[in-house]
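Note sheet for the following structure.
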Amino acid sequence: MTEQKPGPDVAALSYEEAREQLIAVVGKLEAGGASLEESLALWERGEALAARCEEWLEGARKRLAAARDQPL
């Protein structure tokens, strides 16, 4: 198994950073060739990154909803 350097903490990533890392993870998984252990680690990282993106998007939805409810 090859050693993978840990990336920055997922919770500290911006939406754009998390999305770019998620795209890279998906690309690696789709390319194949990784061991089962590596694939599982990539999958787990991808799940965490997807959840982080969803947190950002949900926050944006709430901010938009709040802005719409405020009179001009």
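Structure above, values below:
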{"item": "Selection from segment 32-50 of residues that are assigned to a helix (DSSP H, G or I) and touching a residue at least 24 places away in the same chain (Cβ under 8 Å)", "result": "37, 38, 41, 45, 46, 48, 49, 50"}
{"item": "Filter pass, residue 49 being of a type outside the set (Val, Ile, Thr), surrounded by fewer than 15 Cβ atoms within 10 Å (Cβ to Cβ) and at pLDDT 95 or above", "result": "no"}
{"item": "Residue satisfying condition, being open to solvent by less than 100 Å² (accessible area, probe 1.4 Å) and farther than 21 Å from residue 59 by Cα, within set 10, 26", "result": "26"}
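The values are calculated or read from the model by the stated rules, or taken from the named source; none is laboratory data. These numbers were taken from a predicted model, which means no experiment stands behind them. In this analysis, Cβ positions are derived from the backbone assuming ideal geometry, glycine residues included, and neighbour counts consider all displayed protein chains. Heavy atoms of the whole protein, side chains included, go into the accessibility calculation; ligands, DNA and RNA do not. Shrake-Rupley method; radii C 1.70, N 1.55, O 1.52, S 1.80 Å.
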